[in-house]
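The block underneath contains the structure these notes are about, expressed in structure tokens.
Just so it is clear, none of the values below were taken in a lab; they were calculated from the coordinates. Model, not experiment: these values are computed from the prediction. Don't worry about glycine lacking a Cβ; one is built from the backbone with ideal geometry, like all the others, and counts go over all protein chains shown.
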Amino acid sequence: VLSAESVLFGLGVAGVAVFSISGVLAVGRKELDLFGVLVLGVVTAVGGGTLRDVVLGLPVFWVDEPAYLVVAAVAALGTAALERFVAVPRRAILLADAAGLTFFAVLGAERAYDTGAGLVVSAVMGLLTGVAGGMLRDVLAGEIPLVLRRELYATAALAAAVTYLAARVAGLDSVVALSAGVGIGLALRLAALRWQLELPVYRVRD
Amino acid sequence: VLSAESVLFGLGVAGVAVFSISGVLAVGRKELDLFGVLVLGVVTAVGGGTLRDVVLGLPVFWVDEPAYLVVAAVAALGTAALERFVAVPRRAILLADAAGLTFFAVLGAERAYDTGAGLVVSAVMGLLTGVAGGMLRDVLAGEIPLVLRRELYATAALAAAVTYLAARVAGLDSVVALSAGVGIGLALRLAALRWQLELPVYRVRD
Amino acid sequence: VLSAESVLFGLGVAGVAVFSISGVLAVGRKELDLFGVLVLGVVTAVGGGTLRDVVLGLPVFWVDEPAYLVVAAVAALGTAALERFVAVPRRAILLADAAGLTFFAVLGAERAYDTGAGLVVSAVMGLLTGVAGGMLRDVLAGEIPLVLRRELYATAALAAAVTYLAARVAGLDSVVALSAGVGIGLALRLAALRWQLELPVYRVRD
């Protein structure tokens, strides 16, 4: 049977890898050198969780477990190498990114909640863990973070975190709560991509 | 009578609200979605204090007291809604922003000083608390932070913090020191806006 | 004789000063006001070390020892003043920046390693301490960080950190290890500048 701990570690490693890949692919057109690509991949992958741990006053996860760093670095370099020979379909990138987003959102909410934070703070930490890495990547690459403008992106992260927390408060098993959170978040993000759902755009009147 | 504590809480809530409002209004022309507007308003409102607490190694204020987050979110969404019906005069925005800047500057200096930091570090923390939220907002919105170029903006935050600290060192009551800091900072910033006072612009010779 | 402690303090002060100078010179063409110049110089100088200490959960170095802040501020203002009368040769700036980069890389690796971090994390902390201040400066100034694109820049920081750590693991004296790290890093960076060595540029196929 799956323990909550092994599910968490698996989701964490998978999230770090797919976010690193999506980070590398997203900045491909910027003429960075190989080291810059590596840095951006790793920042995308670990940025959100780092910010969460620092704000919560917890030990930063990759300082405790450097394997996350190694996975992020290998995924980034592998992507850069592979990408020379194979065109990665945009659809696959978006899917990987959606998976990373929702994995990290439930993991962030879980870590905050299990260390004693309240529900509002835990939900915000889920959101932050999901979106902050990609925002850092975009800022470093000189762009307005897509997160702030893309179809239900941050919304899906928040939905995943809130679903996870609601399941926990309802007394459900941790693995069930994790699955529910990932399921809802992923469904929302993929539906938004498929039918181009969007929140209303905000615009100051001129 | 007013206790220092209730004055601090009142200033903090007011500062968070006006900074969230100014954050939303400042990014109005960027075609963000509603969620992006919410995120930028909240980041503007709590960014400076978050950075201060993290650097000082203190618990982050909105993790301890999530009411600040809620106030920032409500202020951001209320502004986005209201703004569809009423044109907010630019003068009102600048005034609110100046109030937030000086409130946060004295609060930041106060928090650092009361937790044992020295005078130089406390003054820098006041400055940081006042200006960092707006800098984060500008960076996320893809702009060079206005703080770095605007009329006596950071200068007013530093003046507010230094005035507060000088009053404390002189043995004055905490509420008096807070009032003096806000008064001096606000006066300086409003005078700069009224008469367009500026520090000399720095320019490398070509 | 030189104690490791006095060498560390000397390298730290020198690194803060040269990074503050390079920060001011790098943003000279942005029409910032004098306060903005001061802020960017100081952020460039202390940003990397601040991030390192926050991620490691250590007290931030300039909160413990505000002299670093004062040195950075004086160096920034002195550079802004001097630059009106003397054209600083580009070669001198690059040399100073290379020195700051490698000083900070070994210092960052040293601080992480001596507080119990493993080798991977210590090497990453050296890299981070060396490059993060300049990255922050570039982001605040509205540019894609040069670090991500420049000739063996981050590579030199990593080489300095790894050399230092290898020397420590091999049981060499701390001062020897510091000198070896600075020597290797500086040699690599200066060679890259002299002969324009670069890592391959990464580019997504169109």
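Starting from a Cα-only point model with no solvent, please compute log10 I(q)/I(0) by Debye for region B:129-192 at q = 0.24 1/Å. Evaluating at q = 0.24 Å⁻¹ gives log10 I(q)/I(0) of -0.91.
For chain C, the membrane-span-like helix rule (DSSP H, alpha carbon extent of at least 30 Å along the helix axis, mean Kyte-Doolittle at least 0.0) picks out C:4-26, C:34-56, C:90-114, C:119-140, C:174-195; this says nothing about an actual membrane. Of the residues A:TYR164, C:TYR68, B:TYR153, the one with the fewest other Cβ atoms within 10 Å heads the list, and the complete ranking is C:TYR68, B:TYR153, A:TYR164. Which log10 I(q)/I(0) values does the protein assembly as shown give at q = 0.10, 0.12 Å⁻¹ under the Debye formula, counting every alpha carbon as one identical point scatterer? For the protein assembly as shown at q = 0.10, 0.12 Å⁻¹, log10 I(q)/I(0) is -0.90, -1.32. Charged side chains reduced to their Cβ positions (Lys and Arg at +1, Asp and Glu at -1) give chain A a dipole of some 620 debye around its Cα centre. At q = 0.08, 0.12, 0.17 Å⁻¹, what is the log10 ratio I(q)/I(0) for chain A, with the Debye formula run over Cα points and no solvent? Each listed q maps to, in turn, -0.26, -0.58, -1.13.
What does the charge count around B:ALA75 come to, taking other residues whose C-beta lies under 15 Å from its C-beta (Lys +1, Arg +1, Asp -1, Glu -1)?
On the way: positive: B:ARG137; negative: B:GLU83, B:ASP97.
Within the 15 Å Cβ shell, the charges total -1.
Counting other beta carbons within 10 Å of each Cβ, put C:SER3, B:SER179 in order, fewest first.
C:SER3, B:SER179
Per-residue shielding of A:188-195, expressed as the average number of other chain Cβ atoms within 10 Å of the residue Cβ, stands at 0. Among the residues of B:137-144, the average count of other protein chain beta-carbon atoms within 10 Å of the residue beta-carbon is 5. In terms of other Cβ atoms within 10 Å, A:LEU178, B:LEU69, A:LEU34 run from fewest to most in the order A:LEU34, B:LEU69, A:LEU178.
How many Cβ atoms of partner chains, on average, are near each residue of B:53-65 if near means within 10 Å of its Cβ?
4
Dividing the summed -39500 (n - 2.57) terms of all DSSP H runs of n ≥ 4 by the residue count of chain A sets its mean residue ellipticity at 222 nm at -25000 deg cm²/dmol. What you get for the protein assembly as shown, charging only the Cβ of Lys and Arg (+1) and of Asp and Glu (-1), is a dipole of about 1660 debye around the Cα centre. The Cβ shell under 15 Å around B:ALA177 holds other residues with a net charge of -2, Lys and Arg each +1, Asp and Glu each -1.
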